[in-house]
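Structure, as structure tokens:
The values are calculated or read from the model by the stated rules, or taken from the named source; none is laboratory data. Since we're looking at a predicted model, the values are computed, not measured. Neighbour counts are summed over all protein chains in view; Cβ atoms, including those assigned to glycine, are modelled from backbone coordinates with ideal geometry.
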Amino acid sequence: MTNRFLIYGANGYTGELITRMAAERGLKPILAGRSEAKVAELAAKYGFEYRAFSLDDTEKLDSALQEVDMVLHCAGPFSITSLPMVKACLRNGKHYTDITGEISVFEACAAMDKKAVEAGIMMMPGVGFDVVPSDCLAKHLNERLPSATHLTLAFYGMGGISHGTQATMTMNVGRGGAIRKNAAITPVPAAWKTQLIDFGNGVVKTGVTIPWGDVSTAYYSTGIPNIEVFTIAPKSAIKAMKVSRYLGWLLATSPVQKYLHGKIKPGGPTDSERAKGRTLMRGEARDNDGNSVTTLQQGPEGYTLTAIAALNITEKILAGDYKPGYQTPASAYGADLILEIDGTSRQDI
């Protein structure tokens, strides 16, 4: 093993944060991305090696992968970028991780489980805020109630969002929501359900269903066949989501998408904003006999948590701690993986 890893998309907001934290840990990743100027500048700042190539340059991509044991893929939208990187990892026998939250990516990787096993690699999309904390919460609830047939997860992220996250959200606007029903991922209208979510300590907010990654991953982690995920959103945002049910076709057209993407501001939360931010979660599992369990969880701001969780998992893989095939964070490392992050706590109620 080379004990090295590649960060592709290192010059993006989250990729740069992960690069900075990797340097603080004494890790030596190879940085990569499409823009040589931007990646070279970042590499020079931290004294790292770099490679510049696009994902359709198979020769350069394969060459870069031959120098490492695994990839931490940070260049979204992942519904577009993940497949060429996944195929390259399978081709070269290298472990694949990314920080996606897109259901389609999780499902595509799950469908390649057998190929990953044959290649002797672990394929683990979603090693960031989506889905490490919620996946661990789902696993914990299932361990408390093994007979669970229904799972509800909710989160409240206090902090800003990055350019990349906004771009992915904009690309998916008007596509509706999704839940898992009777083990199948099922489309539902945007803002399908709203309800009050009690996160404890007097924090009660209005939540709305969204097509979060756990609709896919929690099923693989727990086997629970019915899953819904809520996030907290202001009334104006919920109203806009409901309007998108009728205008989705228009929002998806090229001129409108170009206009919306042009309005996205670069960058993301500042260090001080991230330091002030927190994430709250609530999960409930119930079975057909009327039994139920509820757990509250809290942790650092989302982007901070993403960088820490991604690097924690990277270090495990580089140390030889991995399971070949498609894995979720909790299926590979257990429900307590999230508790390895300072500032994270969990309370059963």
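A compact table of results
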quantity: Residue in region 208-221 that is assigned to a strand (DSSP E or B) and within 29 Å of residue 328 (Cα to Cα) present; calculated: yes
quantity: Residue in region 87-98 that is part of a loop (DSSP other than H, G, I, E, B) and either out of contact with any Phe, Trp or Tyr (no Cβ under 7 Å at 6 or more places or on another chain) or of a type outside the set (Ser, Thr, Tyr) (or both) present; calculated: yes
quantity: Every residue from region 39-66 that is under 17 Å from residue 21 (Cβ atoms) and among the hydroxyl-bearing types (Ser, Thr, Tyr); calculated: 46
quantity: Test: residue in region 317-325 that is among the acidic types (Asp, Glu), within 17 Å of residue 6 (Cα to Cα) and surrounded by fewer than 24 Cβ atoms within 10 Å (Cβ to Cβ); calculated: no
quantity: Filter result for residue 71 (part of a strand (DSSP E or B) and touching a strand residue (DSSP E or B) at 6+ places or on another chain (Cβ under 7 Å)); calculated: yes
quantity: Scope region 99-112; condition in contact (Cβ under 8 Å) with a residue 60 or more places away in the chain, among the β-branched types (Val, Ile, Thr) and part of a helix (DSSP H, G or I); matching residues; calculated: 103
quantity: Which numbered condition residue 79 misses (of (1) at pLDDT below 95; (2) assigned to a loop (DSSP other than H, G, I, E, B)); calculated: (2)
quantity: Region 276-320: number of residues that are touching a residue at least 12 places away in the same chain (Cβ under 8 Å) and either out of contact with any Lys or Arg (no Cβ under 9 Å at 6 or more places or on another chain) or among the hydrophobic types (A, V, I, L, M, F, W, C) (or both); calculated: 31
quantity: Residue check, residue 304 part of a helix (DSSP H, G or I), closer than 24 Å to residue 278 by Cβ and among the hydroxyl-bearing types (Ser, Thr, Tyr); calculated: yes
